[in-house]
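Read through the structure below, which is laid out as structure tokens, and then see the notes.
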Amino acid sequence: MLSAAQGEAGTAGRAAAFEGSFDFPNAVQVGYPLNLVVFQGTAFVRYPAAGAPVTGTSAALGDGVLAESELAALLGDGGAVTASVRVVTMTPSAIRVTLPATFGAGLTTGVLFTILPDGSVLSNAIDFDLP
């Protein structure tokens, strides 16, 4: 569950910080499929807890909502990002990430999700202003 989000802008680029409950004990296990996706319109960046971030565009986000039925399509979209786009910190109640240069000022949304053998789980979507 996400409870708060805040965007930041600086000379090196933009970042976002999220607060909430992240299933931290499982998320730090090797290979656990927790993902944070941050998007503006159809542009997204996805941060897998166990892998490198991916960025691109996805038609699945065109309506401003990420639904369980759209997760497979989102996982197939995007490509590699520069090393500066990454998870900076992850604690039991906070995740801080740096964003791609393609993200501009404006309304931005974050969602946590995981796909497990017995089903998928999505957090609430949280909107915030990216300066």
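3J(HN,Hα) couplings calculated from phi for region 84-89 with the Karplus curve 6.51 cos²θ - 1.76 cosθ + 1.60 (θ = phi - 60°) are, in sequence order, 6, 8, 6, 7, 7, 8 Hz; Gly and Pro show x.
Could you tally the net charge around Thr102, taking each other residue with its Cβ under 15 Å from the Cβ of Thr102, Lys/Arg +1 and Asp/Glu -1? Mind showing how you got there, number by number?
Values: positive: Arg14, Arg46; negative: Asp77.
Neighbour charge sum, excluding Thr102 itself: +1.
The phi torsions of region 54-61, fed into the Karplus equation with coefficients 6.51, -1.76 and 1.60 and a -60° offset, translate into couplings of 9, 9, x, 10, 9, 4, 4, 9 Hz, rounded to whole numbers, with Gly and Pro shown as x. Amide H contacts under 5 Å for Thr42: none, restricted to partners 5 or more places along the chain or on a different chain, H placed in the peptide plane at 1.01 Å from N. Label sites at Ala73 and Leu116, each approximated as a point 7 angstrom past Cα along Cα to Cβ, lie 2.6 nm apart.
If I take R0 = 25 Å and measure r between the Cβ atoms of Thr42 and Ala101 in this structure, what FRET efficiency does the formula 1/(1 + (r/R0)^6) give, to the nearest 0.05? Working from the Cβ atoms, E equals 0.90.
The HN-Hα couplings worked out from phi for region 8-21 by the Karplus form 6.51 cos²θ - 1.76 cosθ + 1.60 (θ = phi - 60°) are 9, 10, x, 5, 8, x, 10, 9, 9, 10, 10, 10, x, 10 Hz, whole numbers, x standing for Gly and Pro.
Computed about its Cα centre, the charge dipole of region 2-130 is approximately 420 debye, with only Lys, Arg, Asp and Glu carrying charge at their Cβ.
Here, each number is a calculation from the coordinates, and none is a lab measurement. These figures come from a predicted structure and were not determined experimentally. Note that we place each Cβ from the backbone using ideal geometry, even for glycine, and neighbour counts take in every protein chain shown.
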